[in-house]
Amino acid sequence: MTAAGLAPYAANEFASRGRKYQEPRAAYRGEYQRDRDRIIHSTAFRRLVYKTQVFVNHEGDLYRTRLTHSLEVSQIGRSVAVALNLNEPLTEAICLAHDLGHTPFGHAGQDTLNACMRDYGGFEHNLQSLRVVDELEAKYADFPGLNLMFETREGILKHCSNRNARELGDVGERFLQRREAGLEAQIANIADAIAYNNHDVDDGFRAGLLSLDQLREQTLFETQYARVHSLYPELEDRRLIYEIIRRMIGTVVTDLIEETQRRLEEHRPGSIEDVRAAGKPLVSMSDEVYQQHVSLKRFLTRHLYGHEQKLEMTRKVQVMVKELFAAYSEDVQRMPPEFANAAASLDDAGRARVVADYIAGMTDRYAIAAHEDIAGC
Ligand code: MG
């Protein structure tokens, strides 16, 4: 059975690999709508509001947080899914869940926690997002985690080492067999990159870390700058930047939809299984726009994420996360009872994983307060 209005290669709940724990269907919601709702009601989702995207939560009220980032990813992803007759609720669910496993303090937090976990299997936020929805959310009486549909879980796990894939069972298989995820997962992945490239330009400019002259060296930006400037030569910077960014998003998203349509016509997949076996992702920008997108991403890495002011914050964060990890590893009783009890009977690796779960779940401000606590002892 195909859900009404969907392309034959869209994910389809009637042909899904389903949930790990069988549940009766909902009366008035589809299964992916239900996944989306479970994600929105999760504790990890609410914490995203106080987690860093690029700027630490206390650096200013107007910057993106992981929550607003996830919402922007979701609206881009949904637009693309609808335009291609793909499964919108599934795309939305994956987009909203993709950063649930992110540590406090963005990538600096994740890299430091990964270094702390080096001898115990490492830490990867993408894998942690899956761990949150599969195991760590403790809300339902009948199962651990959120018991999401296979396709939602498949989409959350964007990448994965072979070693981890072997331990993950069903969602790990595609990495070992070198198969692709469904189209909705592919959309969520690219929507993430489109969202952060654009909002980081906005936030970086607002923070005064990026200048108009610098940004104009980027083709994606300069093309739209020229267009907006010729239409509105007197426009003040704030509105100018916004008009440029909305056009940049529009250009990239339109290109993504049209290039993907072209690839779908070329490959003519008959089902999601054909998509998985296609040998390469079918959701893609054109080469030309992709090059411009990557160039902007590299520019942001160099000039925004690598800005001296950001690096100073990164160094502070590294110390905080390392000291938290050391303190909880040394005395698990410093953690709340549910973590302390879980860690008590485990070996070193198991204990380290519980400590990592606890730290990863923290918001920026909670981690700062917890560090003050520890440093004060
Ligand atoms: Mg993201």
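The values are calculated or read from the model by the stated rules, or taken from the named source; none is laboratory data. Note that the structure is predicted; figures quoted are calculated from it, not measured. Counting neighbours? That spans all protein chains shown, and the Cβs are built from the backbone with ideal geometry, glycine included. Note: areas computed on protein heavy atoms with side chains; ligands, DNA, RNA excluded. Shrake-Rupley method; radii C 1.70, N 1.55, O 1.52, S 1.80 Å.
Candidates in the stretch 205-221 are the residues that are open to solvent by 80 Å² or more (accessible area, probe 1.4 Å) and touching a residue at least 40 places away in the same chain (Cβ under 8 Å); of these, the one that is farthest from HIS303 (Cα to Cα) is ARG206. When we screen TYR32, TYR63, TYR9 for residues that are under 28 Å from LEU264 (Cα atoms) and either assigned to a helix (DSSP H, G or I) or within 16 Å of the ligand (Cβ to nearest atom) (or both), the only hit is TYR32. Scanning the stretch 337-377 for residues that are at pLDDT 95 or above and touching a Ser or Thr at 6+ places or on another chain (Cβ under 6 Å) turns up VAL355, ALA360.
One line per residue, one yes/no per condition, for (1) open to solvent by less than 40 Å² (accessible area, probe 1.4 Å); (2) on the phi < 0 side of the Ramachandran plot; (3) β-branched (Val, Ile, Thr):
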{"site": "THR223", "(1), (2), (3)": "no, yes, yes"}
{"site": "ARG238", "(1), (2), (3)": "no, yes, no"}
{"site": "ARG262", "(1), (2), (3)": "no, yes, no"}
{"site": "VAL283", "(1), (2), (3)": "yes, yes, yes"}
{"site": "SER286", "(1), (2), (3)": "yes, yes, no"}
{"site": "LYS297", "(1), (2), (3)": "no, yes, no"}
{"site": "LEU311", "(1), (2), (3)": "no, yes, no"}
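Could we say that TYR290 is within 30 Å of GLU222 (Cα to Cα), free of Cβ contacts under 8 Å to residues at least 12 places away in the same chain and among the aromatic types (Phe, Trp, Tyr) here? Yes.
For the stretch 106-127, filtering for residues that are open to solvent by 10 Å² or more (accessible area, probe 1.4 Å) and within 14 Å of the chain's Cα centre (by Cα) leaves 5. Selection of the stretch 66-105 for residues being crowded, with 24+ Cβ neighbours inside 10 Å, within 15 Å of the ligand (Cβ to nearest atom) and β-branched (Val, Ile, Thr) yields VAL73, ILE76, THR91, ILE94, THR103.
Can you tell which of TYR32, TYR28, TYR50 is open to solvent by 30 Å² or more (accessible area, probe 1.4 Å) and in contact (Cβ under 8 Å) with a residue 40 or more places away in the chain? Only one candidate qualifies: TYR50.
Within the option set TYR232, TYR290, TYR305, TYR242, being aromatic (Phe, Trp, Tyr) and more than 24 Å from the chain's Cα centre (by Cα) holds for one residue only, TYR232. Could you go through the stretch 348-367 and let me know if any residue there is open to solvent by less than 60 Å² (accessible area, probe 1.4 Å), of a type in the set (Phe, Trp, Tyr), within 21 Å of TYR50 (Cβ to Cβ) and more than 25 Å from the chain's Cα centre (by Cα). No, every residue in the stretch 348-367 fails to be open to solvent by less than 60 Å² (accessible area, probe 1.4 Å), of a type in the set (Phe, Trp, Tyr), within 21 Å of TYR50 (Cβ to Cβ) and more than 25 Å from the chain's Cα centre (by Cα). Candidates are the residues of the stretch 139-197 that are farther than 24 Å from GLY122 by Cβ and free of Cβ contacts under 8 Å to residues at least 24 places away in the same chain; the one that is farthest from the ligand (Cβ to nearest atom) is ALA141.
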